[in-house]
Amino acid sequence: MTMGDPVQKQSAGRAVARVIGHGLWILIPILSLSILSWLPATQAWWRSRSAGWAITAVVLALACAGIVVGMVGDADGAGWGLLLIGTMVGGVVAAALGRSVVFGSRPAVQPRPAAAPAPPTSAHRIAADPAVQAVLERRERRTRAREIATHDLPMAYELAIGRPDLPRTFDDGGLVDLNNTSADGLATALGWPRETAEAFVVARDLRGGYASWDELGALSGLETPLVERDAERLILLPHRPA
């Protein structure tokens, strides 16, 4: 037996478990006797936020509600039976189509790396420019503020790091905390459309914030260019309910 055999077996085991898990997920409408036929479509809508999945989830939810009402009222007959079967089939089809949406990966939104330093030949000339000095100073302030947030979170909250919507005396270089800043603060500091900022804050607060940039990119519904534009100024501190 080679050293790679245990790793290969473990990988194969995970693959089998994943296939079984996905299969059971697709069979939710059948296993629940149609009652949960709406669930896969709703999860697909949550990941994609598309109108098509929203309509599918609503239609299946209404059909499931009709089935529950029929069960409570001891309904029988061909009509109720067709509703039961149709909802079950529709739920399975929706689950099969939505599997790649729910379990597939989406590109993560990551802050851009800092710009590369200028060539040494022009360093002195550029360093003398007041505008460049101001940018470098703000960048240095953001670096210090991020260090505080990493090593002393209570101090970061007390200094209101990343909170342009709060009164404060500490200059964090223009950081914006996407997990806690209000919709007004996001719209003012980042120039987001107010409707986008308000929708983002509502969804964020319902979820209790985002634990990582990967989660933000996958679940927030924000357009990637909107986040990447100011990525150097963004920070994610743990969500604190208002």
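The values are calculated or read from the model by the stated rules, or taken from the named source; none is laboratory data. Everything quoted here is computed from the prediction, not taken from an experiment. Counting neighbours? That spans all protein chains shown, and the Cβs are built from the backbone with ideal geometry, glycine included. Remember, those area values only see protein heavy atoms, side chains included, never the ligands or the DNA or RNA. Shrake-Rupley method; radii C 1.70, N 1.55, O 1.52, S 1.80 Å.
Below are the figures for this structure:
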item	result
Single match in Gly217, Gly221, Gly209 (criterion: open to solvent by less than 60 Å² (accessible area, probe 1.4 Å), in contact with a Pro (Cβ under 7 Å, 6 or more places away or on another chain) and modelled with pLDDT under 90)	Gly217
Failed criterion for Ala134 (all others in (1) modelled with pLDDT of 90 or more; (2) farther than 30 Å from Gly52 by Cα; (3) of a type in the set (Gly, Ala, Ser) hold)	(1)
Enumeration of residues in segment 18-45 that are open to solvent by 40 Å² or more (accessible area, probe 1.4 Å) and touching a residue at least 60 places away in the same chain (Cβ under 8 Å)	Leu27, Ile30
Filter result for Ser212 (closer than 27 Å to Ala44 by Cβ and of a type in the set (S, T, N, Q))	yes
Residue among Asp172, Asp184 that alone is acidic (Asp, Glu) and open to solvent by 50 Å² or more (accessible area, probe 1.4 Å)	Asp184
